[in-house]
Amino acid sequence: MTVVLSANNLRKSFGGVKAVDDVSFEVEAGRLLAMIGPNGAGKTTCFNLLNGQLPPDGGSVELDGKELVGLTPREIWRLGVGRTFQITATFGSMTVLENVQMTLLSYHKQNVSITTMVSDLYVDEAMALLERVGMAEQAERACSILAYGDLKRVELAVALGNEPRLLLMDEPTAGMAPRERIELMQLTADIVRERNISVLFTEHDMDVVFGHADQVIVLNRGALIAQGKPEEVRNDVQVQEIYLGSGSTFAA
């Protein structure tokens, strides 16, 4: 498999706390890699190192062999790294279609003049993305009145607007009902395979992790303590102790 993202010996400390402590892993094309761990394990900090929101104290991050450390989040985005957040980041006063159009305008560096009808730009491309995530019928609705699960789908369409090689999804199913979680992750998995995108996601719902991830890595107190296929990680004694206490196992 082709390696899209390679993180090598990443380190980040805040005062005396090692938030990310010598962490290394790879994300392959067309695969979903889950990053799990208890609260405070360093997952979000690691994400912020990958897309340039925080500078690492040491280590490297490579996308298709290109070093990302030192680049701004926008520069990294333009290279093909998309991101979704725990709390959806959409413009509530704008329509679903307009939210996706704004991403396409930015990605294509579209210059507009006072006579340009911005609403006419990239309509077909935006609608194609909304169709793919099942939101085309709600294209003219304001994001402020959407159900939370639908907002997550809009955010996914926005994240696909820069034709990403890699998607970083920070707790993509947070706040969603169980059925919505399954549907969103199955949609994501389908898009990943058809477009050969790589996905790194964090998640607290173990059903989502073990049901959709191809590989799993586990952080605890900033350190990488386990990695492998879902079943290997599920049966790892150290992982079981961290999550459920000594002698417990994950439910099948």
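The numbers here are math on the coordinates, done by the rules we state, and not lab data. The structure displayed is predicted, hence computed values, not measured ones. A quick note on method: Cβ atoms are made from the backbone with ideal geometry, for glycine too, and the neighbour counts reach across all protein chains shown.
A compact table of results
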| read-out | value |
| --- | --- |
| Dipole of the chain, positive end: most advanced residue of P172, A29, Q86 [Cβ charges, Cα centre] | Q86 |
| Listed residue pairs exceeding 27 Å between alpha carbons, taken from K12/K66; K12/K109; K66/K152; K109/K152; K12/K152 | K12/K109; K66/K152; K12/K152 |
| Note, ³J(HN,Hα) from phi for segment 163-173, Karplus 6.51, -1.76, 1.60, rounded to Hz, x at Gly and Pro | 6, x, 8, 9, 10, 9, 10, 8, 6, x, 9 |
| Computed E for D120/I87 - FRET, C-beta separation, R0 35 angstrom, nearest 0.05 | 0.65 |
| Estimated dipole of the chain in Debye, rounded to 20 [Cβ of Lys and Arg +1, of Asp and Glu -1, Cα centre] | 460 debye |
| Segment 90-163 - charge dipole about Cα centre, Lys and Arg +1 at Cβ, Asp and Glu -1, debye rounded to 20 | 200 debye |
| Magnitude of the charge dipole, segment 94-232, Cβ model with Lys/Arg +1 and Asp/Glu -1, debye to 20 | 320 debye |
| Environment charge at G65 (Cβ cut-off 15 Å; Lys +1, Arg +1, Asp -1, Glu -1) | -3 |
| Cα→Cβ-extended label distance, 7 Å offset, between N235 and N9, nm | 3.4 nm |
| Summed side-chain charge close to D205 - residues other than D205 whose Cβ falls under 9 Å, Lys, Arg +1, Asp, Glu -1 | -2 |
| Approximate spin-label separation I191-E140, in nm, with each point projected 7 Å along Cα-to-Cβ | 2.4 nm |
| Highest-fluctuation residue, A126, A159, A226 considered, GNM on the chain with Cα pairs under 10 Å | A226 |
| Length-normalised contact order of segment 1-72 in % [C-alpha pairs under 8 Å, at least 6 apart] | 37 percent |
| Estimated [θ] at 222 nm from DSSP helical runs (n ≥ 4, -39500 (n - 2.57)) normalised by residues in the chain, nearest 500 | -10000 deg cm²/dmol |
| Anisotropy class of segment 49-96 from Cα gyration tensor, a/c 1.5 cut | prolate |
| Distance in nm between pseudo-label sites at E75 and S60 (7 Å out along the Cβ direction from Cα) | 1.6 nm |
| J(HN,Hα) series, segment 78-91, from Karplus relation 6.51 cos²θ - 1.76 cosθ + 1.60, nearest Hz, glycine and proline x | 5, 7, x, 10, x, 8, 10, 10, 4, 9, 4, 10, 10, 8 |
| Overall form of the chain per C-alpha gyration tensor (a/c, 1.5; a/b vs b/c) | prolate |
| Rounded, prolate or oblate (a/c below 1.5 giving rounded, otherwise prolate when a/b exceeds b/c) for segment 90-163 by Cα gyration tensor | prolate |
